[in-house]
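Visitor: Once you've had a glance at the structure underneath, I'll fire off some questions.
The values are calculated or read from the model by the stated rules, or taken from the named source; none is laboratory data. Everything numeric in this text was worked out from a predicted model, so none of it was measured. Positions of Cβ are generated from backbone atoms using ideal geometry, with glycine treated the same way; all protein chains shown enter the neighbour counts. What goes into the accessible areas is simple: the full protein's heavy atoms, side chains included, and nothing from ligands, DNA or RNA. Shrake-Rupley method; radii C 1.70, N 1.55, O 1.52, S 1.80 Å.
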Amino acid sequence: MQALLDAIATMDLNPTDAQRVFHGRGGLYPGCEHWVLDAFPPVWVLTSFQPASEAALAAVQDALTQRWQSQPADRPLNWVYQCRHEGRSETRLMAGAVPEPHQVSEQGLNYRVHVLKGQNHGLFLDMAEGRRWVREHVQAQVATHPRLKVLNLFAYTCAFSVVARQAGARQVLNLDMSHGALAIGQQNHQLNGITDGVSFLAHDIFSTWGKINRAGPYELIIVDPPSYQKGSFVATKDYARLMRRLPDLLTPGGHVLLCLNAPELGLAFLQDQMQELAPELQWLERVANPAVFADVSPERSLKVLVYRAPTLA
């Protein structure tokens, strides 16, 4: 685990944004493939994807303590350990405390997170560049599309929606099966002073097409589903059901941000099906992941693809 300890020894002790610090999952650090370290200021979150020994955790504690003592600090060391293994998770507060409520920032916007419960903390750090793309795209489009409308599917805690509204989108429809996630999404909008132009539907997407269609069409559709969530979405069989709907939901020249975080499914899984099921949509680019999420295999890492509908002749 030396690469992890080395990263701790040189990491920024005062990050302003929530961010990944060490990404062993990318396979670039042999022997550290199960470790990741994230900053959710003022808390550090260490995750292991296999059981870690008490000796290993003690080594991390020593490294963090030495880093903390290497320069004057007016706040305590706060860190959390989570083990995620075989579909289960165990979370422990190792030192200090976690604010309640716990609010972090990214690219000037604020989000509510919860690092002591659940496997997901409320903000997916690997999607930071996807959110940046949405901000820049909406800002560039609103001059010619002042009533720009966004459909945010599998919205989770609605970070994409916060970004889109802040960038100038007139209306965002957020859809997710989880009432709890959407409730946090509503809080995220309030944290950023967004009080209108946003709606929330806690429904199964596949039984809600009527409402989705009536609220459209959309200049931008964001599709960021779980890769496998029993009873909700299984990418290998359900992504195709979404793809064939996209052309009818888009305005002429509208865009789709198509996302998938499934190491076992490469780019071709998305691109081949889109070519077959929605051939009129043109692939434009793959959005780069944050540099810290570098992977020995780009095919395994998060995939964020941009497609565009044809414009009127």
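Visitor: So which pairs qualify, if the first residue must be in segment 7-36 and at negative phi, the second must be of a type in the set (Phe, Trp, Tyr) and open to solvent by 30 Å² or more (accessible area, probe 1.4 Å), the Cβ gap must be under 6 Å, and the two must be at least 6 apart or on different chains?
Guide: Taking only residues 6 or more apart or on different chains, the pairs are His34/Phe49.
Visitor: In contact with a helix residue (DSSP H, G or I) (Cβ under 7 Å, 6 or more places away or on another chain) and farther than 23 Å from Pro146 by Cβ, is that true of Ala181?
Guide: In short, no.
Visitor: Within segment 101-112, can one find any residue that is within 26 Å of Arg300 (Cα to Cα) and buried (at least 16 other Cβ atoms within 10 Å of the Cβ)?
Guide: For segment 101-112, residues within 26 Å of Arg300 (Cα to Cα) and buried (at least 16 other Cβ atoms within 10 Å of the Cβ): present.
Visitor: Now, a different point. State which residue pairs qualify: first residue over 18 Å from Gly197 (Cα atoms) and inside segment 132-148, second residue surrounded by 16 or more Cβ atoms within 10 Å (Cβ to Cβ) and not charged (D, E, K, R) in any location, beta carbons under 6 Å apart, and separation of 6 or more residues or different chains.
Guide: Trp133/Val287
Visitor: Which of the numbered conditions does Leu173 fail, given that it passes all the others? Conditions: (1) of a type in the set (A, V, I, L, M, F, W, C); (2) closer than 14 Å to Leu151 by Cβ; (3) without any contact (Cβ under 8 Å) to a residue 60 or more places away in the chain; (4) part of a helix (DSSP H, G or I).
Guide: Failed condition: (4).
Visitor: So which residues in segment 113-122 are open to solvent by less than 10 Å² (accessible area, probe 1.4 Å) and within 12 Å of the chain's Cα centre (by Cα), if there are any at all?
Guide: Within segment 113-122, Gly122 is the sole residue that qualifies.
Visitor: Something else now. Against the condition free of Cβ contacts under 8 Å to residues at least 40 places away in the same chain, open to solvent by less than 20 Å² (accessible area, probe 1.4 Å) and either within 12 Å of Asn174 (Cα to Cα) or among the polar types (S, T, N, Q) (or both), how does Thr208 come out, does it pass?
Guide: It is true that Thr208 is free of Cβ contacts under 8 Å to residues at least 40 places away in the same chain, open to solvent by less than 20 Å² (accessible area, probe 1.4 Å) and either within 12 Å of Asn174 (Cα to Cα) or among the polar types (S, T, N, Q) (or both).
Visitor: Can you tell me which condition Val80 does not meet? The list is (1) under 16 Å from His114 (Cβ atoms); (2) of a type in the set (A, V, I, L, M); (3) surrounded by fewer than 16 Cβ atoms within 10 Å (Cβ to Cβ), and all the others hold.
Guide: Going through the list (1) under 16 Å from His114 (Cβ atoms); (2) of a type in the set (A, V, I, L, M); (3) surrounded by fewer than 16 Cβ atoms within 10 Å (Cβ to Cβ), Val80 breaks only (3).
Visitor: Restricting to segment 1-22, and then to whatever is in contact with a strand residue (DSSP E or B) (Cβ under 6 Å, 6 or more places away or on another chain) and of a type outside the set (A, V, I, L, M, F, W, C), can you tell me which residue is most open to solvent (accessible area, probe 1.4 Å)?
Guide: Across segment 1-22, the extreme among qualifying residues is Gln19.
Visitor: Keeping to segment 247-283, report how many residues are within 24 Å of Thr157 (Cα to Cα) and touching a residue at least 60 places away in the same chain (Cβ under 8 Å).
Guide: So the answer is 5.
Visitor: Let me ask something else. Would you list the helices (runs of 4 or more DSSP H) that sit entirely within segment 199-262 and hold 2 or more residues that are touching an Asp or Glu at 6+ places or on another chain (Cβ under 9 Å) and more than 22 Å from His145 (Cβ to Cβ)?
Guide: Because the criterion is at least 2 residues that are touching an Asp or Glu at 6+ places or on another chain (Cβ under 9 Å) and more than 22 Å from His145 (Cβ to Cβ), the helices (runs of 4 or more DSSP H) in segment 199-262 that meet it are 235-243.
Visitor: Look through Ala140, Ala164 and report the one residue that is surrounded by fewer than 22 Cβ atoms within 10 Å (Cβ to Cβ) and aliphatic (A, V, I, L, M).
Guide: Ala140
Visitor: Keeping to segment 213-229, report how many residues are touching a residue at least 40 places away in the same chain (Cβ under 8 Å) and either among the acidic types (Asp, Glu) or more than 13 Å from Phe154 (Cα to Cα) (or both).
Guide: Total meeting the criteria: 7.
Visitor: Then there's this: Based on what the data block shows, is Leu201 at pLDDT 95 or above and open to solvent by less than 20 Å² (accessible area, probe 1.4 Å)?
Guide: On the way: at pLDDT 95 or above: yes; open to solvent by less than 20 Å² (accessible area, probe 1.4 Å): no.
Judged against the criteria, Leu201 is not a match.
Visitor: Suppose the filter is closer than 30 Å to Ala294 by Cβ, open to solvent by 10 Å² or more (accessible area, probe 1.4 Å) and of a type in the set (Ser, Thr, Tyr); does Ser227 pass it?
Guide: yes
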